[in-house]
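Report on the following structure.
No value in this document is a laboratory result; all are computed from the given coordinates. If you're wondering where the values come from, they're calculated on a predicted model, not measured in any experiment. Don't worry about glycine lacking a Cβ; one is built from the backbone with ideal geometry, like all the others, and counts go over all protein chains shown.
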Amino acid sequence: MTFFRIALLISLMTLGFGSPVIAEDLSDPAICMDCHDDADRAPPSDPTRPQVHNPEGGFFVESHADFACTDCHTYITNLEHDMLEGDPQVDCLECHDEVPTKE
Ligand code: HEC
Ligand code: HEC
Ligand code: HEC
C-alpha cells in the first residue's frame, strides 16, 4: 500500500465512518431555511391527505409550527440529502393516532 492510500484510508475512517457518532443537530429550522424557501410547497403525493405546508408560507395547522423540521422529516439526518433514495414520506402516526384525512 502506498503512503497516499494509507493517508486516504485514515482520512476516510476519521471523516466518513466517524461522523455518524457525532450526528449533526438539525433541530433548528433556521438551518433548513438557509436552503429551503418557506413558500411554494408542493401538495402531498397522496391526494386524500391534508397538505401540511401552506404553499404561501408556514403551516395550515398552527400547532405544526411548534415542531422542528426533523420531528416530521425524520429521514433527514444530514445536510447531504439532495439525492434521497425512494420517496420518503412523513409518518403522521409519529404524533397522530390515525392519519388525518381531508374533511
Ligand atoms: C445546503 C442546502 C440544504 C440544507 C441546509 C437543507 N437542505 Fe433539504 N434539500 C436540499 C436540496 C438541494 C434538496 C433536493 C432538491 C429539492 O427537492 O429541493 C433537498 C431536499 C429536501 C427534502 C425532499 C424534498 C422533496 O421534494 O421530497 C426535504 C424533506 C428536505 N430537503 C428537508 C430539509 C430539512 C428538514 C433540512 C434541515 C434539517 C434541510 N432540508 C436542509 C438542500 C438543503
Ligand atoms: C408537522 C410535520 C412537518 C413539519 C414540522 C415540517 N414538515 Fe416539511 N413536509 C411535511 C409533509 C407532510 C410534506 C408533504 C407535503 C405536505 O403535506 O405539505 C412536507 C414536504 C416538505 C418538502 C418537500 C415538498 C416541497 O415542495 O417543498 C420540503 C422541502 C419540506 N417539507 C421542508 C420542511 C422544512 C424546511 C421544515 C421546517 C421549517 C419542515 N418541512 C417542517 C411535514 C412537515
Ligand atoms: C411531530 C408531530 C406531528 C406530526 C409528525 C404530524 N402532526 Fe399533525 N398535529 C400535531 C399536533 C401537536 C397537532 C395539534 C393536535 C391538537 O390540537 O389536538 C396536530 C394537528 C393536526 C391537524 C388538525 C386537526 C387535528 O387532527 O387535530 C391536522 C389536519 C394534521 N395535524 C395533519 C397532519 C398530517 C396529515 C400529518 C402527516 C403528514 C401530521 N399532521 C403529522 C403534530 C404532528
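Here the gap between Thr101 and Phe60, fully extended at 0.36 nm per residue and compared with their Cα-Cα distance, gives a gain of 13.4 nm. Could you give the nm distance between label points at Ala42 and Asp91, where each point is 7 Å from its Cα heading toward the beta carbon? Going from the Ala42 label point to the Asp91 one covers 2.3 nm. Taken over the C-alpha atoms, the range 25-103 has Rg and Dmax values of 12.8, 37 angstrom.
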